[in-house]
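The values are calculated or read from the model by the stated rules, or taken from the named source; none is laboratory data. No experiment lies behind these values; they were computed from the predicted model shown. Every residue, glycine as well, gets a Cβ built from its backbone with ideal geometry; the counts of neighbours run over all protein chains shown. To get the accessible areas, we keep the full protein, side chains included, count just its heavy atoms, and leave off ligands, DNA and RNA. Shrake-Rupley method; radii C 1.70, N 1.55, O 1.52, S 1.80 Å.
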Amino acid sequence: MGKLIVIEGLDGSGKSTQLELLPKGLEKHGIECRTVSFPCYEDDSSALVKMYLAGQFGSRPGDVNAFAASCFYAVDRYASFKKDWGEYYGNGGIILSGRYTTSNAVHQCSKLDRAEWEGFLSWLYEFEYEKLGIPKPDKVIFLDMPTEVSQKLLDGRYSKAGGSKDIHETDVEYLNRCREAAMFTADYSGWVKISCAKDGQPRSIEEIAEDVLGEALKIL
């Protein structure tokens, strides 16, 4: 089998940017890889995810319970693994993933009472890694961006590129709960946490990329 490295973080943490930069850093060390990103919005497998994020099942994230929403995302990952990258991974390839089961862990855990978090995570990991049979990550790198900083970055992104926030991005209370859940989940699951802000300001993309590359190289 190959290796699976996941870049995780809350909205506005810079996951897409770091997923783009990491292969370039690995290439300098003679390491080839493939990247995937979830949800796979261009595929039919993400239909329920898109409906959920568009608010068709309710205008707030909590209108769809943690277990149902987890299934939407899990099926999308299963389809991607079977159709796109499973063979490459099975032949020893290195996969870099932007979001994964880890996003279910953070976002859906936050819908539950804290006393239920450990039980939910146990169910989730068994469901995706054992029942569905998608690979378990070899390392998860969590980009820790404070909610107040990420909201400023998201506002800037949408003002430049157009578009609008989804039901997760517009609910700041929900995002704060997600960050609390993320800290718990990272410790419970053994994720590596990289701080993406200092003194209320985002760290430079280059500094964060150097930290991400260093963590990836440790298992390659």
Angstrom value of the Kirkwood radius, inverse mean 1/r, which spans all Cα pairs in region 36-132: 14.1 Å
Listed residues ILE205, ILE31, ILE141 arranged by accessible area, highest first, probe 1.4 Å: ILE205, ILE31, ILE141
With DNA, RNA and ligands ignored, accessible area of LYS50 (1.4 Å probe; Å², nearest 10): 90 Å²
Placed amide H near LYS193: partners under 5 Å, 5+ positions off or other chain: PHE142
Long-range amide H partners of GLY9 with built H, under 5 Å: LEU143
Neighbour net charge for TYR129 - beta-carbon separation under 11 angstrom, K R +1, D E -1: 0
Net charge contributed by nearby residues that have their C-beta within less than 10 Å of THR101 (K/R +1, D/E -1): +1
Violating pairs (Cα-Cα greater than 22 angstrom) within the set LYS50/LYS83; LYS139/LYS198; LYS83/LYS131; LYS82/LYS131; LYS82/LYS136; LYS136/LYS193: LYS139/LYS198
Most positive-pole-ward Cα, TYR73, PHE127, CYS33, against dipole of the chain from beta carbon charges: CYS33
Within the chain, percent of DSSP bridges classed antiparallel, to nearest 5: 10 percent
The chain - charge dipole about Cα centre, Lys and Arg +1 at Cβ, Asp and Glu -1, debye rounded to 20: 200 debye
Whole-Å semi-axes of the chain's equivalent ellipsoid (Cα gyration tensor): 24, 22, 17
Formal net charge of residues neighbouring ILE5 (Cβ-Cβ distance under 13 Å; K, R +1; D, E -1): +4
